[in-house]
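Below is one structure, written out as structure tokens; the observations come after it.
The values are calculated or read from the model by the stated rules, or taken from the named source; none is laboratory data. Note that this is a predicted model, so its numbers are computed, not measured. Cβ placement follows ideal geometry from the backbone for every residue including glycine, while neighbour counts extend to all protein chains displayed.
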Amino acid sequence: MSTAVRTIGAYGWQREEFHRRLREHGVDLFLDLRQRRGLRGPRYAWANATQLTEDLERSGIAYRHLKDLAPTTETRAQQHAADAAAGTTKSARQALGEAFVSDYRRRTLDRYDFSGLLHDFQQHAAVLFCVEEFPAACHRSLVAGRIEGLNGVEVIHLLP
């Protein structure tokens, strides 16, 4: 039984270090929260779905795509507007905008049935994954916070 909700992003990691950190934390279930499971450019090609799932399989880590927890296109538009207004990029963002957080909670978190996910965290050393380096800049922190509130477990953000 897991006593923690772990989260990790792709940005800031090198492939080998990313996988080493998963092993250090005994992760055996990888939960991908991305709407689209690809990243542009060679630096993070290892985090594209095909390469990532192959690496996880070799490490004996089960993979699941939880698209129902990905922000909708409409919700993502809220964050794009906030990033544009702040003059920041997705990879440099340090916090989510209030409009995004509110919209994500309303459209996604409040409608999601967490019973299966809570069971996963009770049975596995699972990790929530998206791309942003900083947890506060990513919806995975909102999902982790909801699980923490429902299950009373610690949240551990794995950082580069």
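Considering only residues that are under 15 Å from the mean Cα position of the chain (by Cα) and not polar (S, T, N, Q), look in region 106-117 and name the one that is surrounded by the most Cβ atoms within 10 Å (Cβ to Cβ). Among them, the one singled out is Leu117. Can you find a residue that is surrounded by fewer than 16 Cβ atoms within 10 Å (Cβ to Cβ), over 19 Å from Leu128 (Cα atoms) and among the hydroxyl-bearing types (Ser, Thr, Tyr) anywhere in region 35-52? No, region 35-52 contains no residue that is surrounded by fewer than 16 Cβ atoms within 10 Å (Cβ to Cβ), over 19 Å from Leu128 (Cα atoms) and among the hydroxyl-bearing types (Ser, Thr, Tyr).
The residues of region 118-130 that are at pLDDT 95 or above, out of contact with any strand residue (DSSP E or B) (no Cβ under 6 Å at 6 or more places or on another chain) and either buried (at least 18 other Cβ atoms within 10 Å of the Cβ) or in a helix (DSSP H, G or I) (or both) amount to a single one, Cys130. Note on region 48-66: residues that are in contact with a Leu (Cβ under 7 Å, 6 or more places away or on another chain) and either at pLDDT below 95 or acidic (Asp, Glu) (or both) total 0. When Leu142, Leu118 are checked against the criterion of being of a type in the set (A, V, I, L, M) and under 21 Å from Asp28 (Cα atoms), Leu118 stands alone in meeting it. Name the single residue that is surrounded by the fewest Cβ atoms within 10 Å (Cβ to Cβ) among those in region 1-13 being among the small types (Gly, Ala, Ser) and either under 24 Å from Val153 (Cβ atoms) or in contact with a Cys (Cβ under 7 Å, 6 or more places away or on another chain) (or both). This residue is Ala4.
Results for (1) modelled with pLDDT of 95 or more; (2) within 22 Å of Leu158 (Cβ to Cβ), shown as yes or no for each residue.
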site	(1), (2)
Arg15	yes, yes
Glu24	yes, yes
Leu33	yes, yes
Pro42	no, no
Trp46	yes, yes
Asp68	yes, no
Pro71	yes, yes
Arg93	no, yes
Ala99	yes, no
